[in-house]
Every structure is written in C-alpha cells, then in structure tokens.
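Below is one structure, written out as structure tokens; the observations come after it.
The values are calculated or read from the model by the stated rules, or taken from the named source; none is laboratory data. Because the structure is a prediction, the values reported are computed rather than measured. As a convention, Cβ positions derive from the backbone with ideal geometry for all residues, glycine included, and neighbour counts pool all protein chains shown.
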Amino acid sequence: SKAKLFDKNTDVKASFKDVAGLQGAKEEVQEIVDFLKTPEKYTALGGKIPKGALLVGPPGTGKTLLAKAVAGEAKVPFYSLSGSDFVEMFVGVGASRVRDLFKQAKEKSPSIIFIDEIDAIGRARGKSNLGGSNDERENTLNQLLTEMDGFGTNTNVIVIGATNRADVLDKALMRAGRFDRQIYVDLPDIRERKEIFEVHLRPLKKVADELDTEFLAKQTPGFSGADIANVCNEAALIAARKGNKAVGKQDFLDAVDRIVGGLEKKNKIIT
Ligand code: ATP
C-alpha cells in the first residue's frame, strides 16, 4: 500500500492551548518540553533524560494532539509513524523504516518521534496474532528496541508512543531506559467536555446566542474529544443545509444523535 509511513519534520503549530482538559497529562508532558528545551539543566547532576513516554488511553482522547503540542511548545520537529502502517509490510521493510526514522530524528535533534498505535508493533513477542506476519512485526519491534537502546546520553530525541492497549505490550518496551513513563489520557468528564466544546466552537462562523457549552457537555456523556470535534462539525453542516445563519441548539442535538447512532453501530460491529 501507499501508506504514508511518517511525516517528515512536520512543522507543528499545535500548543497546549489546543488541548482542552487533560490537566494532569499536560503537567506530565510539560516535563518532556523542559527536557527538550534545556537538557543541560537536567543533566547537570548526572541524571539521564528519559528516552520515551507512553500515552495510554481510549481512542480519540487527544493523545496525538498532546504529542504534537509537546513538539509545538518545545519548538522541535515532530516525526511520526503509525503502528498500523506496518501491518502487511514486506519482510525487512518495517525494520528499515524504523532505522530511517531514528536516523532523521537524530540528525534534527532535539526532536520528537511519535509512534501511534504502538501496540500494532509492540505486542508481546512470541504470542501469535491473527493474520500471521508475526516475524516481520517482531523484527520491527526489535529494531525499535535497538534504536532506543542505542541513543547516546545526549541524543535529545524523545520517543512518545500512544496506545489504548497498554496491557498487550511487550514488557521489554516498558523497561527502564525505554518507555519507562506512562501517562494516562482518559475520556473527558463533564467539565472537560465543556472545555473541549469551547475549543471546537471557535472555528464555527456563527453560533446561536442561546447555546451554552454546559448544556452541550451534559448531553454528551461518554464522548471523547474526537467525538465532540465531530459533533461541532456536523452541527455546522446540519445548520448550513437548512440555510440557517447560525448554528443552533437543535443542530447540535441532531448532530449528537447522529454521532450516538454511529457509536452504537461501531460497538455492534465490535461485539
Ligand atoms: P487515537 O487513539 O484514535 O489515535 P487520539 O487519542 O490520538 O486518538 P487525537 O487524534 O489526538 O486522539 O484526537 C482527534 C481529534 O479530536 C483532535 O485532532 C482534536 O480535534 C479532538 N480532540 C481530542 N481530544 C481533545 C482535547 N482534549 N482537546 C481538544 N480537542 C481534542
């Protein structure tokens, strides 16, 4: 397939302001920003800067957004790949992609490498999974471990992995000196959903005066940040189709219904 394997040197514009809620996770990743910006401050007493951190949480909760915001805040390049791109790859290709990615990130350090869906490569070795091609996945995983171990003390590349299945990951990935920090990124509570609505209402041209984000937060229990972004966009489309000049309460309720319908369908397919 022609899957894009990594975004080279993406100039990221994201900042912590784009990430609503997630106060605890933001505080934890702030440390990574500081490591990237002033490594000498941290290594002054002989301490070693961590090489990797794992963002763990359900789909759509802002893990990718948060990783990009770290790069944006630290003003460093962001190299990313997704574990799912490695499924069905020819023998040897996965490992060489990993090698290339690390080479580039090291040349441009300080930098961030982001590996989304790391469970697709990082499942415990020796356990077969559906569809075979296990050897290739293991080669890719081994290459990843080798690269992380090969970092010198002053490489200043930090690898951020994201997964919603930390339980299936190979324990070797979590060993000291690899992804030894885990940061939880949970579904938003009602107060956080309100904040996420505030972020995603901003791009809408006109919102009806009656609309309040507290009400919207109450209507959307269990929604992720990605679902909320989706609701705001759908509501704008629904209102525009009706020829309305502003996006109103009913448009949001219709959008919520539509997303709930979609979520129910998705769940039916899974179970
Ligand atoms: P996945 O596990 O499916 O890869 P993810 O956790 O990486 O998901 P993102 O891709 O970061 O989630 O989120 C998708 C989109 O949802 C973001 O680009 C953003 O528009 C919105 N979003 C998610 N969480 C938040 C948040 N906390 N604040 C603001 N927007 C959010």
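Applying the set (1) within 13 Å of the ligand (Cβ to nearest atom); (2) among the small types (Gly, Ala, Ser); (3) in contact with a Gly (Cβ under 6 Å, 6 or more places away or on another chain) to residue 208 leaves exactly one unmet item: (1).
Scanning the range 207-246 for residues that are polar (S, T, N, Q) and more than 21 Å from the chain's Cα centre (by Cα) turns up 213, 219, 220, 244. Pairs are defined by a Cβ separation below 7 Å, a sequence spacing of at least 6 or placement on different chains, a first member in the range 58-70 that is polar (S, T, N, Q), and a second member that is at pLDDT 95 or above and near the ligand (Cβ under 7 Å from one of its atoms); the pairs so defined are 61/185; 61/224; 61/225; 64/162. Taking the range 151-246 and the helices (runs of 4 or more DSSP H) fully enclosed by it, the elements with 1 or more residues that are touching a Pro at 6+ places or on another chain (Cβ under 7 Å) are at 190-201, 225-241. Filtering 131, 126, 222, 161 for residues that are at positive phi, at pLDDT 90 or above and not aromatic (Phe, Trp, Tyr) leaves a single hit, 222.
The lone criterion from (1) within 16 Å of the ligand (Cβ to nearest atom); (2) closer than 18 Å to residue 22 by Cα left unmet by residue 255 is number (2). Report whether or not residue 48 is under 30 Å from residue 136 (Cα atoms) and either within 16 Å of the ligand (Cβ to nearest atom) or in contact (Cβ under 8 Å) with a residue 40 or more places away in the chain (or both). Judged against the criteria, residue 48 is not a match. Tell me yes or no: at least one residue of the range 174-181 is among the small types (Gly, Ala, Ser) and within 16 Å of the ligand (Cβ to nearest atom). No - not one qualifying residue is present in the range 174-181. Being farther than 26 Å from residue 54 by Cβ, crowded, with 20+ Cβ neighbours inside 10 Å and modelled with pLDDT under 95 holds for only one residue in 247, 207, and it is 207. Selection of the range 26-45 for residues being buried (at least 21 other Cβ atoms within 10 Å of the Cβ) and either within 15 Å of the ligand (Cβ to nearest atom) or more than 23 Å from residue 176 (Cβ to Cβ) (or both) yields only 29. Screening residue 82 against (1) surrounded by fewer than 24 Cβ atoms within 10 Å (Cβ to Cβ); (2) at pLDDT 90 or above leaves a single unmet condition, (2).
In the range 184-212, the residues that are within 23 Å of residue 244 (Cβ to Cβ) reach residues that are within 10 Å of the ligand (Cβ to nearest atom) and among the β-branched types (Val, Ile, Thr) with C-beta atoms within less than 7 angstrom, at least six apart or across chains, in these pairs: 197/228; 200/228. Of all residues in the range 222-252, those that are away from the ligand (no atom under 16 Å from the Cβ), of a type outside the set (A, V, I, L, M, F, W, C) and touching a helix residue (DSSP H, G or I) at 6+ places or on another chain (Cβ under 6 Å) total 1.
Which of the residues spanning the range 180-206 are more than 20 Å from residue 61 (Cα to Cα) and under 21 Å from the mean Cα position of the chain (by Cα)? Once the filter is applied, which keeps residues that are more than 20 Å from residue 61 (Cα to Cα) and under 21 Å from the mean Cα position of the chain (by Cα), the range 180-206 yields only 180. Just to be sure before I move on: is residue 257 touching a helix residue (DSSP H, G or I) at 6+ places or on another chain (Cβ under 7 Å) and not polar (S, T, N, Q) in the structure I sent? No, not satisfied.
In the range 16-25, the residue that is surrounded by the most Cβ atoms within 10 Å (Cβ to Cβ) out of those that are among the small types (Gly, Ala, Ser) and not in a loop (DSSP other than H, G, I, E, B) is 25.
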